[in-house]
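The values are calculated or read from the model by the stated rules, or taken from the named source; none is laboratory data. Because the structure is predicted, anything quoted here is derived from the model rather than measured. As a convention, Cβ positions derive from the backbone with ideal geometry for all residues, glycine included, and neighbour counts pool all protein chains shown.
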Amino acid sequence: MKEMKTIDLEPLVRKNIRALKPYSSARDEFQGDASVFLDANENPFNNPYDRYPDPKQWELKEAIATQKGIGKEQIMLGNGSDEPIDLAIRIFCEPGKENIVSISPTYGMYKVAAGINNVEYREVSLNSSFDFESEELLKACDKNTKLIFICSPNNPTGNSLNKTEILNTIERFDGIVIVDEAYIDFSVRDSLLKELNSYPNLIVLQTFSKAWASAGVRLGMAFASEEIITLFNKVKYPYNINMLTQKYALNLLNEYPKIKNWISMILQEREVLAKELNKLVCVEKIYPSDANFLLVKTKEANLTYQFLVERGIIVRNRNMVSLCGNCIRITVGTKAENQMLVETLKMVK
């Protein structure tokens, strides 16, 4: 059995967060059953929407825990993944003093959230294969580095990063490593959720936005040790996940066979789309993908992007992103949408 890494979280947490007394609602303080609620100044005439939602979302967490094979106390739910990204920075990083290290290119919100919180953001370039070595990532760290962000499968490159290098980073780094697995359901690689009990400094992010086809609902999941989740609950807004979202997600979790079918359809369409794009004169390269999108190198990304926009087809121009010169990112859509894209691109010379 793998020996669990030990880490003292207390010195990693900002002093004001350690000292913070969190807001406590009556729903937090009350345990048990009740028939009359006169504690929260609610208007009682619009059942069931008159009541504040469960601030800890226990029923939903129990369902997620069963589906993921972890403890419900290891889950924090957020308004998309962006909420736990922001909370992690606020919990662990002292503004104007400490820093974050991440790969480049990757998901842009890590850098934006760091900037909002006045925390230095350091980027380590991926290699020509869009992968990284833990040694290079750790070289960019110093005594003031509190967080490392790793997105795998990565956005916008689409590939899964080397698991051995990720685990080596977690093992050797004395701070918190956040692995963003927004696209993990489209990958043949295993999630790092199985590693949570071995690494108390690991946070894994997942989302309902991609494989679960619920981007409009804005529901993200952070998985970590119970100690880290306690810190998240201490800092998050009391009722951050509304009642409608909780009920929607509970119903969706009961339809997992349908979700698996959606994933299978996207993977099939991804393969077909890649083959069709490879035939086009304007396309120079299709990069391998473990996500629900393809990074495509074209002869002239700006012109190709504009050509598509003028015909009502929106893709993502990644031409100005590091290592992605002349690349566009194409989400795998329905069969009809993908065919429309390919037919339109056939007109680009």
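Of R329, R316, all but one fail to be farther than 17 Å from V272 by Cα, among the charged types (D, E, K, R), outside the structural domain of C151 (by TED's automatic domain parsing) and at pLDDT 95 or above; the exception is R316. Those helices (runs of 4 or more DSSP H) of the stretch 1-115 in which 2 or more residues are within 26 Å of K194 (Cα to Cα) occupy 58-68, 82-92. The numbered conditions (1) buried (at least 23 other Cβ atoms within 10 Å of the Cβ); (2) closer than 24 Å to R218 by Cα are all true for V101 except (2). Among the residues here, T245 qualifies as at negative phi, among the polar types (S, T, N, Q), modelled with pLDDT of 95 or more and assigned by TED's automatic domain parsing to the domain that holds L219. Inside the stretch 29-78, residues that are closer than 23 Å to Y183 by Cα, of a type in the set (S, T, N, Q) and buried (at least 19 other Cβ atoms within 10 Å of the Cβ) make up a count of 1. Of everything in the stretch 214-226 that is assigned to a helix (DSSP H, G or I) and farther than 19 Å from G71 by Cβ, the residue that is nearest to the chain's Cα centre (by Cα) is A215. S81 meets the stated requirement of being buried (at least 18 other Cβ atoms within 10 Å of the Cβ) and hydroxyl-bearing (S, T, Y). Selection of the stretch 193-213 for residues being among the aliphatic types (A, V, I, L, M), more than 13 Å from the chain's Cα centre (by Cα) and crowded, with 18+ Cβ neighbours inside 10 Å yields L193, L196, L202. Checked against the criterion of being within 30 Å of S25 (Cα to Cα), free of Cβ contacts under 8 Å to residues at least 60 places away in the same chain and of a type in the set (S, T, Y), the candidates Y248, Y239, Y305 yield just one match: Y248.
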